[in-house]
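Here the structure is laid out as structure tokens; the discussion comes afterwards.
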Amino acid sequence: MTNHIDKSALQAISSLQRPGKPDLLGRIVDLFASDSPASISAIVEAVESGDLESMRVAAHSMKSSSAYLGASRLSEQCRNIEQAAREGSELECFALAEGLEEEFEASLAELMQIVERAA
Amino acid sequence: MPSPQEKYQAQVLAPSSGRLRPVVLHVDDDAASLLMAEGSLEDAGFDVVHAADGVQALQQFKTCEPDLIIMDAVMPVMDGFEAITHIRSNAMGAHVPILMITGLDDLDSITRAYDEGATDFLTKPINFFVLPHRIQYMLRSKRTADALRSSQAKLDNAQRIARLGHWDWNVVTNELTWSNEFGRTMGYPQNQLMGSWNGFLEKLSDDQRHSVRMAASQAVEEVRGFSVEFTLIKFSEAEQDRTIRLEAEPHVNEQGECTHLRGTMQDITERTNAQRQIHNLAYFDLVTGLPNRAQLNEQLNYALKMAKRRESKFALLFLDLDHFKQVNDTLGHDAGDDLLKQVSGRLTEVVRESDSVAVPADPLDENSNSKHTVARIGGDEFVVLLGSINRVEDAARVAERIAKTISLPYTINDTEVSVTTTIGISLYPADGQSAELLMKHADVAMYHAKEKGRNGYQFYSRGIHEQALARFSMESELKNAIENEELDLVYQPKFDVVSGQPAGVEALLRWDHPVNGAISPADFIPLAEETGLIMPLGRWVLQQACRQMKDWIDDGMEPIAMSVNCSPVQFIRGNMIKDVDEAISQSGLPSNLLEVELTESLFLQNIENGINILQSLKKIGVQISIDDFGTGFSSLSYLKRLPIDKIKIDHSFVQDLSRDPGDAAIVSAIIALSHNLNLSVVAEGVETAEQLDILRSYDCDEYQGFLASEPLSAGELLTWFESYKPEVRMRKVSGM
């Protein structure tokens, strides 16, 4: 379960850390941990209700926030969902959302672990 | 303490508002992005403010006035595109750099971002190390663009103030581009900065267009610069016509052909007006508004040039107000100035009215009616330049009128004031060929006039003075002569050469002057012709002659023709046909008994016109004879085209008939030719029987002269005819 996060992305964030300032990576992971579950549920709910627009917006948001944190597979999955939602392919969205929550949970867990270890 | 790099950046990037650090507004709904960017931006020397969507962005934009905006494209509530549109539509946001953040694979967004007014774009995921550099670059270009805009605005402003525009004509495509000021001047819509050269020319009036087009095409052809001025007719009533100067230089291609004309356009109306004002100050008298000495000199030189070219006359009147100094001394300088103004007004008025006196030499040439100029050249000295006069009397008449008008009383400060003027007159060409000499001689003449007593005029040349006076007085006397019955007609009989019977009489005008005695028509007819007096005079002669012949016939005389001499002036300027018609109908004389005698000069100017007049006369039924034949241009070829009845051979040929074989040959030829054309021939001035014998041998038809009778009064003639015995005369002749 250590292959969900690309560590180099985290190093990039850490390198933005300025001395004497609050821990940047920690804050971003916290933001991810607090905001992302709502987006993930929004995608899952939208897939079930067929609300492609909500799905697209939520997937877009998840796509970039996960990318910054090196959650490449999650980001890739969101990107595909966003793309399918924009193209109006409900069936494809349904297929793409398969395993989304699991991938999110795994990615978040790995992130938390890394942050705690760093701290 | 800021690092040296920070210090440098702050100096370079600090906005003109005086803020130490540029403010970046970062708009993104992803809080993580905002957080990550914040650090590197602050490190690079920027202050950062955040907004999570478009609506927040607009609020922040208003309150923070950011120097640059980083805008995420896809956001809830209001997306980045809509936010940009709002910002750009605001005057404050027109030029602020906006960096749009789009998805890596989202080409549509990139295109749309630029359409809405984004300055640049960056794709996600953002490289936060590169971001500050990108922003620094954008701010630098913004500064450059600002400087350029400011420079353009300054240039535009300077051009507007200087009324200077520039333009570029692509000779090959005919396309014309121009600056704001050019567009403003030419009345193009504010945003239109290009069009066609022809379109530009269309805005000019016809003649102006022609000269600009010529100047430009010549410049293209000869590959050289040009400068041309034109008047731009006002586009609306509220405006005024503008004077515009176009200047350009050619730009050539590698073959040396002119492909562009690039140049300036300047509205020089104000400058031209100012020059005119300066000119007015330099050339006009401030007190009276009349031309001053400098202006007079120019006018005088112009008059000289024109008179030399046309071989015409003009007059210079030098005036001095008599005792003006007294007015100045007793009433003060203001009163003096007031008087000068009033005098100027009267002078101008008199001279303007005199325009009709001086008939232009050629009425078709309006320039020949050379302007008269009234100038003030010193304290109380004025000069009148009569640019075109026909006769010296014209100058005398104007001088007389001026003297009379100036001497009428003036009211100054409720006081009645009188001044008189003394006038000296010089004439071109008689009194000098240069401006200096004419001025000097007019001045001299004025002093002569003063010596003779003020309030008068004097010509520089005494001969001219007397001649002018004599003719001037003759003119007015002639006007009264008809009323005073000093004019009278005498009658010279004509006889048939063969039978010796009276063939007709010729009416001749006599002026018996109460003082000077008999004055010859040769002296006063030219004067009457010049003044136009010939018209009433000619009418009077026609009526008198017709009435006389009718009276004689009523008294029992055998009806014979009455000849009346008519001047070409009567035909050309008067209504001769009507005059003849009236004389005949009023007298009751049969029209064939009136014989109109004309000279060849009537046909000199326009032979067709002359023939038309003669044909109208023939319709009335009168006889027509050509007087003084042989002395004019006497073209025998035109003779047959004229509807005439008679030729009168001038007495000069008759005089030497017996001594000069040349004259004899001419007379013989004239008679033979005339008969060939069915014209009868009258010989004038026959004084000897020998002359009569020769004329008879040539088959001449009639004669007149002292041999038979001198001119007789109306009373004498009737008695003479009654006692006349042609047989006696014939015997006497053959007895010689």
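The values are calculated or read from the model by the stated rules, or taken from the named source; none is laboratory data. Computed from a prediction, not measured in an experiment: that's the story for all the values here. Cβ placement follows ideal geometry from the backbone for every residue including glycine, while neighbour counts extend to all protein chains displayed.
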Among the residues in segment B:419-435, are any free of Cβ contacts under 8 Å to residues at least 60 places away in the same chain and under 30 Å from B:ASN328 (Cβ atoms)?
no
Here are B:ALA518, B:ALA470, B:ALA442: which of them is closer than 25 Å to B:TRP720 by Cα and out of contact with any helix residue (DSSP H, G or I) (no Cβ under 8 Å at 6 or more places or on another chain)?
B:ALA518
Residues that are in a helix (DSSP H, G or I), in contact with a helix residue (DSSP H, G or I) (Cβ under 7 Å, 6 or more places away or on another chain) and under 24 Å from B:SER680 (Cβ atoms), drawn from segment B:528-569
B:LEU542, B:CYS546, B:GLN548, B:MET549, B:LYS550, B:TRP552, B:PRO568
Residues of segment A:34-58 satisfying the condition of being away from chain B (no Cβ under 11 Å) and of a type in the set (A, V, I, L, M)
A:ALA38, A:ILE40, A:ALA42, A:ILE43, A:VAL44, A:ALA46, A:VAL47, A:LEU52, A:MET55
Those residues of segment B:688-712 which are under 23 Å from B:VAL490 (Cβ atoms) and either in contact with a Pro (Cβ under 6 Å, 6 or more places away or on another chain) or not in a loop (DSSP other than H, G, I, E, B) (or both) amount to B:GLN691, B:LEU692, B:GLU702, B:TYR703, B:SER709, B:LEU712
Number of the condition not met by B:SER179 [criteria: (1) surrounded by 12 or more Cβ atoms within 10 Å (Cβ to Cβ); (2) in contact (Cβ under 8 Å) with a residue 24 or more places away in the chain]:
(2)
Go through segment A:76-86 and count every residue that is at the interface with another protein chain (Cβ under 10 Å from one of its Cβ atoms) and surrounded by fewer than 23 Cβ atoms within 10 Å (Cβ to Cβ).
3
Going by the conditions given, is B:GLY424 touching an Asp or Glu at 6+ places or on another chain (Cβ under 7 Å), at pLDDT 90 or above and not β-branched (Val, Ile, Thr)?
yes
Would you check if B:GLY336 is surrounded by fewer than 16 Cβ atoms within 10 Å (Cβ to Cβ) and at pLDDT 85 or above?
no
Working carefully through the options A:ARG56, A:ARG73, find the one that is surrounded by fewer than 22 Cβ atoms within 10 Å (Cβ to Cβ) and in a helix (DSSP H, G or I).
A:ARG73
Identify, by number, the condition in (1) surrounded by fewer than 23 Cβ atoms within 10 Å (Cβ to Cβ); (2) more than 14 Å from chain A (Cβ to nearest Cβ); (3) in contact with an Asp or Glu (Cβ under 8 Å, 6 or more places away or on another chain); (4) modelled with pLDDT of 85 or more that B:PRO22 doesn't meet.
(1)
Given the structure, is B:HIS26 farther than 27 Å from A:SER15 by Cα, in the same structural domain as B:LEU131 (by TED's automatic domain parsing) and touching a residue at least 40 places away in the same chain (Cβ under 8 Å)?
no
Can we say B:PRO132 is surrounded by fewer than 18 Cβ atoms within 10 Å (Cβ to Cβ) and within 13 Å of another protein chain (Cβ to nearest Cβ)?
no
Can you tell me how many residues within segment B:134-152 are in contact (Cβ under 8 Å) with a residue 40 or more places away in the chain and either of a type in the set (A, V, I, L, M, F, W, C) or not in a helix (DSSP H, G or I) (or both)?
4
What about B:THR288, is it at pLDDT 90 or above and touching a Lys or Arg at 6+ places or on another chain (Cβ under 6 Å)?
yes
Check on B:LEU589, surrounded by 15 or more Cβ atoms within 10 Å (Cβ to Cβ), in a loop (DSSP other than H, G, I, E, B) and not charged (D, E, K, R):
yes
So, first residue within 13 Å of chain A (Cβ to nearest Cβ) in segment B:31-59, second residue of a type in the set (Lys, Arg) and outside any loop (DSSP other than H, G, I, E, B), Cβ within less than 8 Å, six or more apart or across chains; the pairs are B:LEU35/A:ARG27
If a residue has to be surrounded by fewer than 21 Cβ atoms within 10 Å (Cβ to Cβ) and either outside the structural domain of B:LYS308 (by TED's automatic domain parsing) or not polar (S, T, N, Q) (or both) to count, how many in segment B:440-459 make the cut?
11
Lone qualifier among B:THR119, B:THR102 - being more than 14 Å from chain A (Cβ to nearest Cβ) and among the hydroxyl-bearing types (Ser, Thr, Tyr):
B:THR119
Which residues, taken from segment B:482-527, are in a helix (DSSP H, G or I) and closer than 20 Å to B:PHE706 by Cα?
B:PRO521, B:ALA522
Answer residue from segment A:1-17, given it is under 29 Å from B:ALA44 (Cα atoms) and in contact with a Ser or Thr (Cβ under 9 Å, 6 or more places away or on another chain) and is farthest from the other protein chains (Cβ to nearest Cβ) among those:
A:ASP6
Tabulated pairs, segment B:522-537, first touching a residue at least 40 places away in the same chain (Cβ under 8 Å), second charged (D, E, K, R) and in a helix (DSSP H, G or I), C-beta under 7 angstrom, 6+ apart or interchain:
B:LEU527/B:ARG471; B:LEU527/B:GLU475; B:THR531/B:GLU475; B:LEU533/B:LYS479
Wholly inside segment B:54-118, helices (runs of 4 or more DSSP H) that include 1 or more residues that are surrounded by fewer than 24 Cβ atoms within 10 Å (Cβ to Cβ) and in contact with a strand residue (DSSP E or B) (Cβ under 6 Å, 6 or more places away or on another chain) are B:54-64, B:107-116
Quick one: which of B:SER344, B:SER368 is of a type in the set (Ser, Thr, Tyr) and at pLDDT below 90?
B:SER368
For A:PRO22, all conditions in the list (1) under 27 Å from B:VAL130 (Cα atoms); (2) facing another protein chain (nearest Cβ under 10 Å); (3) out of contact with any helix residue (DSSP H, G or I) (no Cβ under 8 Å at 6 or more places or on another chain); (4) assigned to a helix (DSSP H, G or I) hold save one; what is the number of the exception?
(4)
Can we say B:ARG163 is at pLDDT below 90 and at positive phi?
yes
